[in-house]
Amino acid sequence: MRNERPERSSERAKASVALGASALSRSRVRLDQPRPARRRLLPEYDPEAFGRLSERVARFLGTGRFIVWMTIVIIAWVLWNIFAPDDLRFDEYPFIFLTLMLSLQASYAAPLILLAQNRQDDRDRVNLEQDRKQNERSIADTEYLTREIAALRMGLGEVATRDWIRSEFQDLIKEMDERRLFTGESDEGDR
């Protein structure tokens, strides 16, 4: 009996280890594979697409065409609600519905314009940073070229130019002529 019990306990241990390993492998997350897509309660949107749309709306709101169309719509609204038959009017004199519509339009236009401005600020910041880096590179290149030109000038200071060689030859010719004169006089004096 004693021999059977240790065997049974080791079998149970092996079984529990095997069960534990399979339970671990099922709950273990695979890092080499992407997670499955989860359902979200809120709808997803592309922020870039929304930003481009807001810029288009902001550009339109800043045009004379928008002001003209808005003026035409408001005048038509007011004239319709003043001169139309009573049963066809949908907004009486204080024009509360018109005020509500203009407030609604303004409440959407303001954030869209701000979003477009923020996007433009971001683009301007990136362009400014690129310009700054380009200016730094230009300054570094200019300084390098300045050092190179200075080195060339220093090197040219040691190089014989045509005028310098000509003047040296002329000096040598004068010196040789003077030596001939002196040597000629000394030869005649010796005789």
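We did not get these values from a lab; they are worked out from the coordinates using the rules stated. Predicted, not measured: the structure shown is a model, and the values here were computed from it. For neighbour counting, all protein chains shown are included, and Cβ atoms are generated from backbone atoms with ideal geometry for every residue, glycine included.
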The range 104-159, dipole about Cα centre (Lys/Arg Cβ +1, Asp/Glu Cβ -1), debye to the nearest 20: 160 debye
Evaluated at q = 0.11, 0.17, 0.20, 0.24 Å⁻¹: base-10 log I(q)/I(0), Debye formula over Cα of the range 100-182: -0.67, -0.88, -0.96, -1.06
Karplus (6.51, -1.76, 1.60) ³J(HN,Hα), θ = phi - 60°, over the range 86-102, in Hz, Gly and Pro reported as x: 4, 6, 9, 6, 10, 8, 6, 2, x, 6, 5, 5, 4, 4, 4, 5, 5
Theoretical gain in end-to-end length, N118 to I149 [0.36 nm per residue, Cα-Cα removed]: 6.6 nm
